[in-house]
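Notes to accompany the following structure.
The values are calculated or read from the model by the stated rules, or taken from the named source; none is laboratory data. This structure is a prediction, so every number in the text was calculated from the model and none was measured. Backbone-built Cβ (ideal geometry, glycine too); neighbour counts: all protein chains shown.
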Amino acid sequence: MEATSANQADLNSKVLPAEPLSGGQIQSAVEEVLASTPFIDIHTHLFSPAFGKVGLWGIDELLTYHYLEAEFFRSSNTTPEQYWKLSKREQANAIWRALFVENSPVSEATRGIIAVLHALGLPTGPSALEEARVFFKAQSIEEHIRRVFRIAGVSSVVMTNDPLDPEEQPVWLNGGQKHEQFHAVLRLDRILWGWPGHWQRLASEGYAVDEKASGKSIAEVRRFLGDWHERMRPLYMAVSLTDTFFYPDDSIASKILGEAVLPSCREFGLPMSLMIGVRRQVNPAIRLAGDAVGRADLRAVENLCRSFPENRFLVSVLSRENQHELCVYARKFNNLMPFGCWWFLNNPSIVEEITRERIELLGTSFIPQHSDARVLEQVIYKWRNTRRTLAPILTNAYKLIHNDGGGISRRDIQRDVNRLFRSNFEKWTGLRGG
Ligand code: FIX
Ligand code: ZN
């Protein structure tokens, strides 16, 4: 069953039957509502066609995804040095052979490739690679995007846009993009923790900033954010932070966050997204696959939510050990919205654990998942897994209400699923019909 339109999902929550379901009817109702409701994918690394080759799609990009590269180096004698000397096609060939021919694709990321090929009507056996290449070569990107989003049950995705990215910047400086299924986000890693390596870029673009972010720097960073808000019309501002991140401290990142970024978020009515807990490049030899995870001190989030009650914080934490704390903090601060089972957490067994805990502690006042897709077709398997994992969790939650003497209707289920995968985000970002 493919997802209905965004407006239809809204409508459904008003017109669907309000009669209480019997215990036996709950599971199929949950599965149908999850399948027919289009989700908003609030964090991806996908790009609309206006960005050309920056937007990744197709089988060679799917196979050389850094999740698969990490697994490849465990199942092959090829060294990273040898691997990076190969062409994209040769890299994809090597990964296909090692993970799909010489081994069974049992991991979440390898099984995802099988799910994508199958969903697109392609063979999935050991000799499927060449036929897949022929298929993708024949696709026109606009139609392919519409089809992939329809199959994935996604109405729109939110990009990750870096104003200092040399490939992205020219697109924004020449009118930007207006694709209704792709929304922008102002990603500020280079401005915040990357300041030492990037303040000169701002200076070269005419902003009176300096290495210590002193003098007029804060006001100039706000001017920079204002200029990019105008260009991108972002839904939120965002940054990824390491496991050692803390606020407040005497770092330049803390200063710019508190004195420039959060005030600008208030000025433009935008949430600030904090993705906390990455240990960057613990193994640089495997590049993007070389990042790891560490437990963070979430008192930083406590301090931010308490010190900036006018700001809204969309927070995702990478460490499994930080999940419970985040839930508890969300019960203390209604300007805190937990979202997603990020990166190494995006595995059904862990998504189940985290989502159960969030429902028990937060009801439907959180955003269960984002795909973090880097390659277009990944939304197909990442959202299929999410729907498959969420169905028994929601069914169980509703059956408990039923067994405890309460009633739950199809309309209730539609309202709740809309809230989890649409309106929590829409309300926080002002996005309508996304
Ligand atoms: O910082 C981020 O947005 C992370 O999601 C990425 O850097 C990471 O490489 C990734 O692809 C995770 O899924
Ligand atoms: Zn990401």
Name the residue that is surrounded by the fewest Cβ atoms within 10 Å (Cβ to Cβ), counting only residues in region 115-135 that are touching a residue at least 60 places away in the same chain (Cβ under 8 Å) and within 17 Å of Tyr381 (Cα to Cα).
Ala119
Only one of Arg320, Arg306, Arg388 is under 27 Å from Ser254 (Cα atoms) and under 21 Å from the mean Cα position of the chain (by Cα). Can you tell me which?
Arg320
Give the residue that is farthest from the chain's Cα centre (by Cα), with candidates limited to residues of region 127-142 that are part of a loop (DSSP other than H, G, I, E, B) and within 26 Å of His179 (Cβ to Cβ).
Ala138
For region 16-57, name all the residues that are β-branched (Val, Ile, Thr) and within 16 Å of ligand 1 (Cβ to nearest atom).
Ile42, Thr44, Val54
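Condition check ((1) within 30 Å of Arg146 (Cβ to Cβ); (2) in a helix (DSSP H, G or I)) across all residues:
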site	(1), (2)
Ala94	no, yes
Asn103	no, no
Thr110	yes, yes
Gly125	yes, no
Across (1) closer than 13 Å to Leu376 by Cα; (2) within 22 Å of the chain's Cα centre (by Cα), His183 clears everything bar (1)
Among (1) within 21 Å of Met275 (Cβ to Cβ); (2) in contact with a Phe, Trp or Tyr (Cβ under 7 Å, 6 or more places away or on another chain); (3) touching a residue at least 60 places away in the same chain (Cβ under 8 Å), there is one condition Asn335 misses while meeting the rest; what is its number?
(3)
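Quick one: which strands (runs of 3 or more DSSP E) lie wholly within region 265-362 and hold at least 2 residues that are away from ligand 2 (no atom under 16 Å from the Cβ) and under 30 Å from Gly226 (Cβ atoms)?
In region 265-362, 336-338 are the strands (runs of 3 or more DSSP E) which contain 2 or more residues that are away from ligand 2 (no atom under 16 Å from the Cβ) and under 30 Å from Gly226 (Cβ atoms).
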Could you list, in sequence order, the residues of region 92-148 that are of a type in the set (Val, Ile, Thr) and more than 25 Å from Asn347 (Cβ to Cβ)?
Val134, Ile141, Ile145
Consider only pairs whose beta carbons are under 7 Å apart and that are at least six residues apart or on different chains; among these, list those whose first residue lies in region 1-29 and is over 14 Å from His402 (Cα atoms) and whose second residue is at pLDDT below 95 and among the small types (Gly, Ala, Ser).
Ala6/Gly433; Ala6/Gly434; Asn7/Gly433
